[in-house]
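The values are calculated or read from the model by the stated rules, or taken from the named source; none is laboratory data. None of the values given here were measured: they were computed from a predicted structure. Glycine also receives a Cβ, built like all others from the backbone with ideal geometry; neighbour counts cover every protein chain displayed. Quick note on the areas: whole protein, heavy atoms, side chains included, nothing else; ligands and nucleic acids left out. Shrake-Rupley method; radii C 1.70, N 1.55, O 1.52, S 1.80 Å.
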Amino acid sequence: MDQEQKRRENLYRKFRETASKGDIPSTFDENDLVDIYDYANDNYDEAVQLQVIFAAVRYFPDNDELMQRRAYFLLENLSMSDAALSIADSHRNDNALWDLLVLRVKRPSGQEAADAMSEILNRYEDYDDETIIQLVTTFSELGLLDWLKEHKDVIQQRCMYKDTFLYELAQEVEDQGDYNYSIKLLDELTGMEPFNPTYWHMLSQEYLNVDDYENALGSIDYAVALDPESSPVLTTKAQILFDMKKDTQEAYRMMRDVVARDKEYAPALFTLAAMLAIDGSEDESADLLEGYLHVHPAEREAVEHILKLGDSLRNLRVLREYLPASGMTQDEWTAWARGFYERGNWQAAADILLTWLYMKGVSDDWNVLVESLYRQRRVGEIAQLYREYLLKIEDPQSTNISFMAYLLLILALVRAGQMGVARNMAEYLLSVDSTVVDSLEPRMQLIGAQSILRSMHAVLLEDVPADIDSIDPFITIHSDGHGASDNITGSTPKASDK
């Protein structure tokens with residue numbers, strides 16, 4: 001960390017300490033407040049940013065730089081575009097930052113947007129750090145990144161800090177998935193600033209994005225040489241060594257060292273946990289993650305790593321402890337489960353929803369829960385849920401169970417040997433007149449479910465469990481004749497996928 005960065009960090013810490021006592025700090029000058037705000041912005045500390053704004057309004061209401069930051073905070077953090085525009089309109093044509101803010105609020109498109117950006121570029125030169133950041137952001141938001149790439153060299157010449165421009169543009173194009181162009185920019189940046197380990201680290205991560213492990217390793221070695229104690233740098237190097245199977249023992253040694261000395265750097269612990277899981281040491285991986293959760297009980301990422309280990313009993317135990325610590329609402333909890341469902345992780349989706357059901361007595365998404373359980377062949381649990389929860393709901397319509405989920409209930413009951421109940425439910429579903437179902441999707445679901453049930457007519461007449469794999473659309477039959485839950489599979493997992 002250079003002296004300027006240390007100075008800004010010290011200012012930030014002193015300001016935060018004073019503000020935490022409930023006072024609006026008054027011992028900092030205008031330039032200090034600008035530096036504190038920018039440092040807080042870089043570290044995603046919205047609370048300090050807001051406190052700086054309060055201090056600026058009270059002590060330096062006419063300072064242009066602080067007023068700009070207030071307007072951008074209103075736009076970016078509070079989505080108060082009208083308030084931001086009100087401030088910006090009175091300063092239009094004063095400098096590039098104000099004009100960029102107006103464009104971000106008004107959002108012109110196509111040629112109008114390109115013309116507006118060209119006008120700003122023609123009017124202003126010598127862009128400082130903050131202007132460069134907002135310039136790149138505005139180009140991206142207006143869909144003009146390709147235009148920016150075309151005119152990169154011209155714009156770069158107008159930047160007072162060319163490394164800032166390359167850094168911001170590299171991050172923006174990475175967010176857009178253009179990893180090769182980001183590599184090109186970072187290659188230029190490391191040539192310009194060869195002794196900055198952050199830039200070499202970024203370049204290594206971009207090479208990982210395109211699976212170029214040799215160049216990733218070469219780049220991270222430069223970063224390690226420049227900053228041999230950096231936890232993020234060492235973590236990335238360990239990921240690369242592990243994924244390349246080049247020196248896994250060294251990768252483990254590095255990660256254990258980093259975890260032992262830097263207990264607050266969670267990515268190192270998560271990387272070590274992922275490495276252990278990939279190598280088959282799931283219990284050790286889980287112990288590591290659960291130990292972290294005892295200290296940080298609301299850390300969702302640690303829970304998600306545990307969910308990937310595939311032990312439902314462990315999942316349910318960990319989730320029971322996590323739910324009260326998370327502070328999540330039912331909608332947020334259900335959305336979390338749906339995220340796993342949409343990625344094909346049926347086990348995690350089911351266990352998350354089961355936890356809420358067991359602890360709160362209700363479920364917000366029976367459809368996802370039933371399907372996720374069924375795809376894992378957890379038919380006994382579905383039968384239990386039917387007996388202990390669904391049958392006791394006074395208003396069955398409140399569950400919003402789809403026709404397809406209703407079919408899954410029947411199939412699960414057949415597989416669980418509860419033929420009488422399955423037969424009664426099937427008779428009900430077959431009796432529903434599809435023509436009275438107004439919406440197209442539910443109607444198609446009903447027609448499909450009824451077709452499957454008709455093909456199962458002989459099975460449903462039996463009083464013993466039957467093999468229904470051959471007619472079950474939710475089961476894939478392998479070439480060896482064994483059924484398996486249809487699932488979304490991916491490539492071989494890597495430590496860098498954590």
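Out of everything in segment 51-91 that is of a type in the set (Asp, Glu) and closer than 18 Å to Asp38 by Cα, what residue ends up being nearest to the chain's Cα centre (by Cα)?
Glu76
Conditions first: (1) under 25 Å from Asn400 (Cβ atoms); (2) in a loop (DSSP other than H, G, I, E, B); (3) without any contact (Cβ under 8 Å) to a residue 12 or more places away in the chain. Gly344 passes all but one, so which condition is the exception?
Of the numbered conditions (1) under 25 Å from Asn400 (Cβ atoms); (2) in a loop (DSSP other than H, G, I, E, B); (3) without any contact (Cβ under 8 Å) to a residue 12 or more places away in the chain, the odd one out for Gly344 is (3).
Exactly one condition in (1) in a helix (DSSP H, G or I); (2) surrounded by 20 or more Cβ atoms within 10 Å (Cβ to Cβ); (3) among the aromatic types (Phe, Trp, Tyr) is not met by Phe28; state its number.
Result: Phe28 fails condition (1) only.
Are any residues in segment 256-268 open to solvent by 20 Å² or more (accessible area, probe 1.4 Å) and in a helix (DSSP H, G or I), and if so, which ones?
Pass one, segment 256-268, residues open to solvent by 20 Å² or more (accessible area, probe 1.4 Å): 256-257, 259-265, 267.
The answer is Arg256, Asp257, Val259, Ala260, Arg261, Pro267.
Within segment 270-280, can one find any residue that is closer than 15 Å to Val233 by Cα and either open to solvent by 40 Å² or more (accessible area, probe 1.4 Å) or not polar (S, T, N, Q) (or both)?
Within segment 270-280, one or more residues are closer than 15 Å to Val233 by Cα and either open to solvent by 40 Å² or more (accessible area, probe 1.4 Å) or not polar (S, T, N, Q) (or both).
Based on what the data block shows, is Asp32 over 31 Å from the mean Cα position of the chain (by Cα) and closer than 22 Å to Ala88 by Cα?
no
Restricting to segment 365-384, name every residue that is within 22 Å of Leu440 (Cβ to Cβ) and open to solvent by 40 Å² or more (accessible area, probe 1.4 Å).
Asn367, the sole residue that qualifies.
Can you tell me which residue is modelled with the lowest pLDDT among those in segment 350-378 that are in contact with a Ser or Thr (Cβ under 7 Å, 6 or more places away or on another chain) and under 14 Å from Gln330 (Cβ atoms)?
Residue satisfying both the conditions and the ranking: Asp364.
Among the numbered criteria (1) part of a helix (DSSP H, G or I); (2) open to solvent by 90 Å² or more (accessible area, probe 1.4 Å); (3) more than 24 Å from Asp62 (Cα to Cα); (4) of a type outside the set (S, T, N, Q), which single criterion is violated by Arg16?
In the conditions (1) part of a helix (DSSP H, G or I); (2) open to solvent by 90 Å² or more (accessible area, probe 1.4 Å); (3) more than 24 Å from Asp62 (Cα to Cα); (4) of a type outside the set (S, T, N, Q), Arg16 misses (3) alone.
The rows are residues; the columns are (1) more than 19 Å from Leu413 (Cα to Cα); (2) at pLDDT 80 or above; (3) of a type in the set (A, V, I, L, M, F, W, C).
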| position | (1), (2), (3) |
| --- | --- |
| Asp438 | yes, yes, no |
| Arg443 | yes, yes, no |
| Ile452 | no, yes, yes |
| His457 | no, yes, no |
| Asp463 | no, no, no |
| Asp469 | no, yes, no |
| Ile475 | no, no, yes |
| His478 | yes, no, no |
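I need a count of the residues in segment 376-408 that are closer than 18 Å to Leu316 by Cβ and of a type in the set (D, E, K, R).
4
Testing Arg317 on (1) touching a helix residue (DSSP H, G or I) at 6+ places or on another chain (Cβ under 8 Å); (2) open to solvent by 10 Å² or more (accessible area, probe 1.4 Å), one condition comes back false. Which one is that?
Against the list (1) touching a helix residue (DSSP H, G or I) at 6+ places or on another chain (Cβ under 8 Å); (2) open to solvent by 10 Å² or more (accessible area, probe 1.4 Å), Arg317 comes up short only on (1).
Tell me whether segment 207-217 contains one or more residues that are surrounded by fewer than 19 Cβ atoms within 10 Å (Cβ to Cβ), over 28 Å from the mean Cα position of the chain (by Cα) and under 23 Å from Leu166 (Cβ atoms).
No, that holds for no residue.
Filter segment 232-255 down to residues that are over 22 Å from the mean Cα position of the chain (by Cα), within 20 Å of Gly291 (Cβ to Cβ) and surrounded by 15 or more Cβ atoms within 10 Å (Cβ to Cβ), then give me how many there are.
Residues flagged as over 22 Å from the mean Cα position of the chain (by Cα), within 20 Å of Gly291 (Cβ to Cβ) and surrounded by 15 or more Cβ atoms within 10 Å (Cβ to Cβ) within segment 232-255 amount to 4.
Could you pull out the residue among Ser372, Ser363 that is without any contact (Cβ under 8 Å) to a residue 60 or more places away in the chain, part of a helix (DSSP H, G or I) and of a type in the set (S, T, N, Q)?
Ser372 is the lone residue from the list that is without any contact (Cβ under 8 Å) to a residue 60 or more places away in the chain, part of a helix (DSSP H, G or I) and of a type in the set (S, T, N, Q).
Among the candidates Ala277, Ala251, Ala260, Ala266, single out the residue that is in contact with a Ser or Thr (Cβ under 6 Å, 6 or more places away or on another chain) and of a type in the set (Gly, Ala, Ser).
Ala277
Output the residues belonging to segment 292-308 that are out of contact with any Phe, Trp or Tyr (no Cβ under 6 Å at 6 or more places or on another chain), hydrophobic (A, V, I, L, M, F, W, C) and open to solvent by less than 30 Å² (accessible area, probe 1.4 Å).
The answer is Leu293, Ile306, Leu307.
Residue by residue through segment 397-437, note down the ones that are more than 27 Å from Glu462 (Cβ to Cβ) and without any contact (Cβ under 8 Å) to a residue 24 or more places away in the chain. Outline the logic, then answer.
Of segment 397-437, the ones more than 27 Å from Glu462 (Cβ to Cβ) are 397-400, 433, 435-437.
Hits for segment 397-437 are Gln397, Ser398, Asp433, Thr435, Val436, Val437.
Could you look through segment 385-402, keep only residues that are open to solvent by less than 50 Å² (accessible area, probe 1.4 Å) and assigned to a helix (DSSP H, G or I), and pick out the one that is modelled with the lowest pLDDT?
Going through the qualifying residues, I end up with Thr399.
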